[in-house]
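Read through the structure below, which is laid out as structure tokens, and then see the notes.
The values are calculated or read from the model by the stated rules, or taken from the named source; none is laboratory data. All of these numbers come straight from a predicted model, not from anything done at the bench. Every residue, glycine as well, gets a Cβ built from its backbone with ideal geometry; the counts of neighbours run over all protein chains shown. The area values use the complete protein model at the heavy-atom level, side chains included, leaving out ligands, DNA and RNA. Shrake-Rupley method; radii C 1.70, N 1.55, O 1.52, S 1.80 Å.
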Amino acid sequence: MRPVKEALQHPIFNTVSEAAEALGVEVYVVGGYVRDHLLERPCTDVDFVCVGDGLELAEKVAELLPGKHKVSVFKNFGTAHIHEGDWDYEFVGARKESYSRNSRKPDVEPGTLEDDQLRRDFTINALGISLNADNYGELVDPFGGIADLDKQIIRTPTDPDITFSDDPLRMMRAIRFASQLGFSIHDKTWDSIKRQNERIDIISKERIRDELNKIILSPKPSLGLDLLFKSGLLVRFFPEMVELHGVEVRKGVSHKDNFYHTLKVLDNVAELSDDLWLRWSAILHDIAKPRTKAFNDKDGWTFHAHEFVGSKMVKRIFRKLKLPLNEHMKYVEKLVLLHLRPIALTKEVVTDSAVRRLIFDAGDDIDDLLLLSRCDITSKNERKVKHFLRNLDNVERKIDDVEERDRVRNFQPPVSGEEIMQIFGLKPSREIGVIKNALKEAILEGEIPNNREEALKFAVRKGKEMGLKEARTI
Ligand code: ATP
Ligand code: MG
């Protein structure tokens, strides 16, 4: 663990210390910054707790900082923020909180530093460092946070039933920190989460989403998602994922557990990419398997069309989880829809036209799609894995080849609808659509090369076949 003293190298700590001294109040650095410093994780968000008026302290700090600084006050939370370059400072007065059972809004009153540490979620988040003249740089650790950092344990500073009942989001946060840091959750804390999982229902979907996304972005997201599943939390807000769990056997034939398969795919993706939406695509790629599952004597278990059905499920899931209904959602829909295509290509003789179609359908997301399909190979049979990966290498080479030759990625028709209208002297009409589509098909099928001259000839020929007359010759 990094020495505590080194945490205070930035000039802000002296400034805050001076400001507090001038006002005659005690001040401490607390929470995430202290934890991350000791764990050698980068952190530029600093929380200051003073035993007194946090807003007054923030004003004083702003005065002492070189240059002009705005203090933003959040009245509801009693906090004040200052932004300096890459750094964010939050100031708050030490407080005591008491909750009533059916509300997330606590009664707040001023308290001591220890009151304030006690209302925090976990011991590792309740560490303080003094910025006061008499014990500057000293660690204040009333709940054994350092020992828990050492043992890599997430534990509430007080009775977990109280901590979680006061703010049930803390159950998600416990799992989020376990997943981000690779820590385990203390037995009593874990038992309490399992006992109280239903209480997550009173938490807003937005707060749940933020923690869920942090779990998904952690280095090995399966850790957190498996804990969400085992705690009984996941089913409360994302039942579709829980439905993936389990194995059915019929006539001695079983299928794989799609929940753990999905987690494996997600971890594989996480090793190669930090992109949240690619990770979401991994989570959702097989989401429709439970609803498309069927058994027959000849083929055993099948999941026909799960990619179509799954892609259709994305929007509802995004809406329910308050994920954005924008281009990120469209990207996930597309990757879910296409996730079997690269592997399907390896099973047949790969024709140029099949490759062109895949490039056309995937557009700029072709590389992400290939990455997802590599990560989707989770067989325990090493030989099988090697075989599939080698085949995917071939597909990738072929894609590069075809793309270099035909440039169908982000396909733009070499002849526009406008031009076709001029050629035949037509207004926008069904015929124009038919010609445009035939032209696209001819290029993708490789019947004509992707260039203007050939495309014009094709469009004229096609129009004439349809009984149209040229209004102007080309
Ligand atoms: P990160 O910034 O990575 O999300 P963090 O621990 O800094 O992690 P913040 O949400 O920034 O989390 O909160 C700062 C501190 O405030 C925490 O370290 C913790 O002490 C306290 N805290 C935050 N949310 C809660 C909560 N729901 N219940 C109790 N304490 C909390
Ligand atoms: Mg923080």
Checklist entry - For the stretch 212-231, which residues satisfy the criterion of being more than 15 Å from the chain's Cα centre (by Cα) and among the basic types (Lys, Arg)? => result Lys230
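Does Arg119 count as surrounded by 20 or more Cβ atoms within 10 Å (Cβ to Cβ), within 11 Å of ligand 1 (Cβ to nearest atom), at pLDDT below 95 and within 25 Å of Leu228 (Cβ to Cβ)? Don't jump to the end; show me each part of the working.
Values: surrounded by 20 or more Cβ atoms within 10 Å (Cβ to Cβ): yes; within 11 Å of ligand 1 (Cβ to nearest atom): yes; at pLDDT below 95: yes; within 25 Å of Leu228 (Cβ to Cβ): yes.
For Arg119, the condition - surrounded by 20 or more Cβ atoms within 10 Å (Cβ to Cβ), within 11 Å of ligand 1 (Cβ to nearest atom), at pLDDT below 95 and within 25 Å of Leu228 (Cβ to Cβ) - is met.
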Checklist outcome for this item: Counted residues in the stretch 74-89 being closer than 24 Å to Leu118 by Cα and more than 13 Å from ligand 1 (Cβ to nearest atom) come to 5
Checklist entry - Quick one: would you say Lys230 is modelled with pLDDT of 95 or more, farther than 29 Å from Ile12 by Cβ and open to solvent by 20 Å² or more (accessible area, probe 1.4 Å)? => result yes
Checklist entry - Right, Thr351: open to solvent by 50 Å² or more (accessible area, probe 1.4 Å), polar (S, T, N, Q) and at pLDDT below 95 or not? => result yes
Item to check | Scan of the stretch 182-193 for residues that are touching a Leu at 6+ places or on another chain (Cβ under 9 Å) and not in a loop (DSSP other than H, G, I, E, B), ordered by number | outcome: Ile185, Trp190, Ile193
Checklist entry - Quick one: would you say Glu453 is at pLDDT 90 or above and open to solvent by 90 Å² or more (accessible area, probe 1.4 Å)? => result yes
Next on the checklist: So in the stretch 183-197, with the set limited to residues that are of a type outside the set (Phe, Trp, Tyr) and open to solvent by less than 40 Å² (accessible area, probe 1.4 Å), which one is nearest to Arg41 (Cα to Cα)?
Outcome noted: Ile185
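Anything in the stretch 47-57 that is within 16 Å of ligand 1 (Cβ to nearest atom) and open to solvent by less than 10 Å² (accessible area, probe 1.4 Å)? List them, or say none.
Pass one, the stretch 47-57, residues within 16 Å of ligand 1 (Cβ to nearest atom): 47-50, 54.
Within the stretch 47-57, Phe48, Val49, Cys50, Gly54 meet the criteria.
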Next on the checklist: Being within 16 Å of ligand 2 (Cβ to nearest atom) and in a helix (DSSP H, G or I) is the filter here; which residues of the stretch 1-53 pass it?
Outcome noted: Ala7, Ile12, Gly32, Tyr33, Val34, Arg35, Asp36, His37, Leu38
Next on the checklist: Yes or no: the stretch 127-142 includes at least one residue that is out of contact with any Asp or Glu (no Cβ under 9 Å at 6 or more places or on another chain) and within 10 Å of ligand 1 (Cβ to nearest atom).
Outcome noted: no
Checklist entry - Do we find a residue being among the hydroxyl-bearing types (Ser, Thr, Tyr) and within 27 Å of Ile175 (Cβ to Cβ) anywhere in the stretch 100-108? => result yes
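Listed here are the residues, each with its yes/no results for (1) in contact (Cβ under 8 Å) with a residue 12 or more places away in the chain; (2) hydrophobic (A, V, I, L, M, F, W, C).
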residue	(1), (2)
Thr158	yes, no
Asp166	yes, no
Ala178	yes, yes
Ser204	no, no
Ser218	yes, no
Ser222	yes, no
Leu228	yes, yes
Item to check | Conditions (1) within 16 Å of ligand 2 (Cβ to nearest atom); (2) within 21 Å of Ile377 (Cβ to Cβ); (3) hydrophobic (A, V, I, L, M, F, W, C): number failed by Phe259 | outcome: (1)
Checklist entry - Do we find that Pro221 is under 24 Å from Leu372 (Cβ atoms) and open to solvent by 20 Å² or more (accessible area, probe 1.4 Å) in this structure? => result no
Checklist entry - Which one of the conditions (1) within 16 Å of ligand 2 (Cβ to nearest atom); (2) touching a Lys or Arg at 6+ places or on another chain (Cβ under 6 Å) does Phe164 fail to meet, given that it meets all the rest? => result (1)
Checklist entry - Can you pull out the residues in the stretch 383-427 that are aliphatic (A, V, I, L, M), closer than 18 Å to Ser353 by Cα and either within 30 Å of the chain's Cα centre (by Cα) or in a loop (DSSP other than H, G, I, E, B) (or both)? => result Leu392, Val395, Ile399, Val408
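Residue by residue, here is whether (1) of a type in the set (Gly, Ala, Ser); (2) surrounded by 19 or more Cβ atoms within 10 Å (Cβ to Cβ); (3) more than 12 Å from ligand 1 (Cβ to nearest atom) holds:
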residue	(1), (2), (3)
Gly31	yes, yes, no
His37	no, yes, no
Arg41	no, no, no
Val71	no, no, yes
Phe91	no, yes, yes
